Amino acid sequence: MSNAKTISREALPWIFTILWIAAIILALLLFVGAPVGEALSGFWNGAFGGRRHAYLMATLSRSALIVGMAVSVMLSFRAGLFNIGGEGQLVAGGLTAALVAVLLPGPPMLVLAVAIASAMLAGALWALLAGILQLFMGVPLLVGSLLLNYPIRYIASYLVAHPFRDVQSGMVQSHLVPQETWLAYFPGTRLDMGILFTAVAAAFALVYSYWTVHGYHTRLNGLSPDFARTVGLPVRKLTLQTLALSGAIAGLVGAIAVFGIHHRYIDGMLVQPLYAWTGIIAVLLVGMVPWAVPISGFFFAAVQTGAAGMERAAGVPKEIALVVQAVIILFVASRVSGALSSSRGDGDGHA
Amino acid sequence: MLELIADPSFAASIPRFVTPILLAALGGALCERAGVFNIALEGFLLVGAFAAVLGAYFSGTPYIGALAAVAAGMALGLIFAEFNLRRGGDSIVVSIAINLLAAGLTTFFLRAIFDVTGAFSDPAIAGFAPVRLPLIEDIPWLGPILSGQSPLFYLALACVPFLHIFLARHRLGLRIRAAGENPQALRAGGVSPRRVQLLALVACGALCGLGGAQLSIANVNLFVENMSAGRGWIAVVAVLLTRGRPWPLFFIALLFGAVDSLSFRVQGLGLAQQFTDMMPYLATLIVLVALSWWRAKRTKGDAS
């Protein structure tokens, strides 16, 4: 009896939360005058349906990128490093992957391997830059990593607009990477194998976070930097290593987007869909718990493809997805706190 | 380069770039001083820019547009307060969510109301006309900077000394600083720190709303998706650098605005647009590094 009472007391705020979110979605649907039933069935179809599950495959393909970015930022967040420069690291990786594959001659599999490795290296270096700015130049990671998103975005835009542009296509994009390097589809589907890379990265992050000494040390650093320093952990080294790891995974995600989905670098292809920011909120939604991150990444991917389905079925602007995601984060993840505090304004490396 | 800086039309364009950064940064300064870590200035600016176009389009006067921007900014400030102060959400998490919410709401309503994606421009959007100041406009070099700007620029200028005196002398200003520096003392005095912080957030929303209005109905007469384009983040940096003090903030905003304006001008020199576009962010990083080195050196000097 008393047990049931505590359960209902715990469940009540969640019921209110869900009602609030539903009410806001309903208000937006009514504002555009969309038929609610059709909108909802369009959402379901867009996220999980389609002929031979084509839309479900699109959701999975998108979640390969979102979960990848989520894993990348999760490693930083758990180490107490508020690296919000995932977007820049993602762009650095995608750009490098495409350019290497376009320019490098050789057997396709070798080219693919070299391109992916260079993409990871590029992502890692871009993340390290933010770490160096914080540790040695007194620029808080939070703003340093964010500000670094912009230069790389414009560098990439310049490179595919001028020196490496596919002029004949008439668009701002690089040439296609050789067809032999494209990631294959799973048999009988239109889902590329990129999701396997993400699965490996997620599994690695899980093992790393829970079962390695290094992962334990970084987590310690995240929970209490003072304690970590006092017991003699090499805090600076851990910071740089963690950032490099995050950046490498973000770079890998950029490579997946190139070889699995677009087969070239198109200006804005990694920035406009807000993959990096969606990855961040996917991590925040589940309070940085590693095993739950892939689930919440898939959930947000479904929100986005579902919104596209809602647009097709009921004429609701698909931008509603962004609003819904933000509202969910506001209501649900506003409970996350603590571990993020150390890289605020007055973090490490400040004089 | 020197000719460019001496060019009066370059100087005259600086206030256009300073105003949004300065207004947003002053709003951020209020939060900073009140102890609210608000890094959602980017979202506040964006919502202000959109609401200003909405108001100016439907009413036909830019002043209603500016009022709409103020109202929208204040509403966003209330949402921030609800989730950060009342529900106790982490301020970074709430800020990120508010930024996404702003991007989502503006693009959603852009399509829902005007049925366009990307950008909305219409002759019916009533923009601010430049205010000409007689006599002052005849001063060489300085005249075109001070005269012929949007009313929001003069408002932003007036806000700097006003906020300085307000924070130093006014009772509410003292309470805002107490909420940031010593909330227990404030509570002991019978004032709720949270309520003071709420006021700071709402005022921040109003100021950022005006900054957004400068972007959309003073600098141009249109709304473009994501048109704040990082200026809110630059304002955040300005706030962090100056710890929310109005006068230093004014000079930092002036510097950032001048770089912004310069990068706009050098596009004419044949430099690729992508390189001029990244100048404000690089300049911001350089200023951050330089200031932190200078501070480190000074503290070292004090110690010896």
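The values are calculated or read from the model by the stated rules, or taken from the named source; none is laboratory data. Note that the structure is a prediction, hence the values are computed from the model and not measured. All Cβ positions, glycine included, derive from the backbone under ideal geometry; neighbour counts span all protein chains shown.
Anything in the stretch B:120-168 that is hydrophobic (A, V, I, L, M, F, W, C) and in contact with an Asp or Glu (Cβ under 8 Å, 6 or more places away or on another chain)? List them, or say none.
B:146
Which residue is modelled with the lowest pLDDT, if the candidates are limited to the stretch B:247-304 and must be among the aromatic types (Phe, Trp, Tyr), over 29 Å from residue B:167 (Cα atoms) and under 19 Å from the mean Cα position of the chain (by Cα)?
Per the stated criteria, the residue is B:264.
In the set B:187, B:171, B:132, B:195, which member is over 19 Å from residue B:221 (Cα atoms), more than 14 Å from chain A (Cβ to nearest Cβ) and touching a residue at least 12 places away in the same chain (Cβ under 8 Å)?
From the options B:187, B:171, B:132, B:195, the qualifying one is B:132.
Looking only at the stretch A:158-171, count every residue that is facing chain B (nearest Cβ under 10 Å) and basic (Lys, Arg) and tell me the total.
0
Which number in (1) without any contact (Cβ under 8 Å) to a residue 12 or more places away in the chain; (2) of a type outside the set (Gly, Ala, Ser); (3) surrounded by fewer than 18 Cβ atoms within 10 Å (Cβ to Cβ); (4) facing another protein chain (nearest Cβ under 10 Å) marks the one condition that residue A:143 misses?
(3)
With respect to residue B:244, determine if the residue is at pLDDT 90 or above, surrounded by 19 or more Cβ atoms within 10 Å (Cβ to Cβ) and under 19 Å from the mean Cα position of the chain (by Cα).
Taking the combined requirement at face value, the residue satisfies it.
Kindly evaluate residue B:152 against the criterion of being surrounded by 19 or more Cβ atoms within 10 Å (Cβ to Cβ), under 18 Å from residue B:128 (Cα atoms) and away from chain A (no Cβ under 14 Å).
yes
Mind listing whichever residues of the stretch A:158-182 are free of Cβ contacts under 8 Å to residues at least 24 places away in the same chain, closer than 13 Å to residue B:273 by Cα and not in a loop (DSSP other than H, G, I, E, B)?
Across the stretch A:158-182, the qualifying residue is only A:158.
For the stretch B:281-302, indicate whether the set of residues that are touching a Phe, Trp or Tyr at 6+ places or on another chain (Cβ under 9 Å), assigned to a loop (DSSP other than H, G, I, E, B) and not acidic (Asp, Glu) is non-empty.
Taking every residue of the stretch B:281-302 in turn, none turns out to be touching a Phe, Trp or Tyr at 6+ places or on another chain (Cβ under 9 Å), assigned to a loop (DSSP other than H, G, I, E, B) and not acidic (Asp, Glu).
Inspect the stretch A:150-157 for any residue being β-branched (Val, Ile, Thr), within 16 Å of residue B:281 (Cα to Cα) and either free of Cβ contacts under 8 Å to residues at least 24 places away in the same chain or within 13 Å of chain B (Cβ to nearest Cβ) (or both) and give the result as yes or no.
Within the stretch A:150-157, one or more residues are β-branched (Val, Ile, Thr), within 16 Å of residue B:281 (Cα to Cα) and either free of Cβ contacts under 8 Å to residues at least 24 places away in the same chain or within 13 Å of chain B (Cβ to nearest Cβ) (or both).
Is there any pair linking a residue in the stretch A:37-51 that is at pLDDT 90 or above to one that is part of a helix (DSSP H, G or I) and among the aromatic types (Phe, Trp, Tyr), with Cβ under 7 Å and at least six apart or on different chains, and which?
Hits for this filter: A:45/A:55; A:46/A:55; A:47/A:55; A:48/A:55.
Going by the conditions given, is residue B:82 of a type in the set (Asp, Glu) and within 18 Å of the chain's Cα centre (by Cα)?
no
Is the stretch A:232-243 home to any residue that is part of a loop (DSSP other than H, G, I, E, B) and touching a Ser or Thr at 6+ places or on another chain (Cβ under 8 Å)?
Checked against the condition, which is being part of a loop (DSSP other than H, G, I, E, B) and touching a Ser or Thr at 6+ places or on another chain (Cβ under 8 Å), the stretch A:232-243 yields no hits at all.
From the list B:161, B:183, which one is at pLDDT 95 or above and farther than 20 Å from residue B:67 by Cα?
Going through B:161, B:183 in turn, the sole match is B:161.
Taking the stated definitions as given, is residue A:342 closer than 30 Å to residue A:142 by Cβ, more than 10 Å from every other protein chain (Cβ to nearest Cβ) and modelled with pLDDT under 90?
yes
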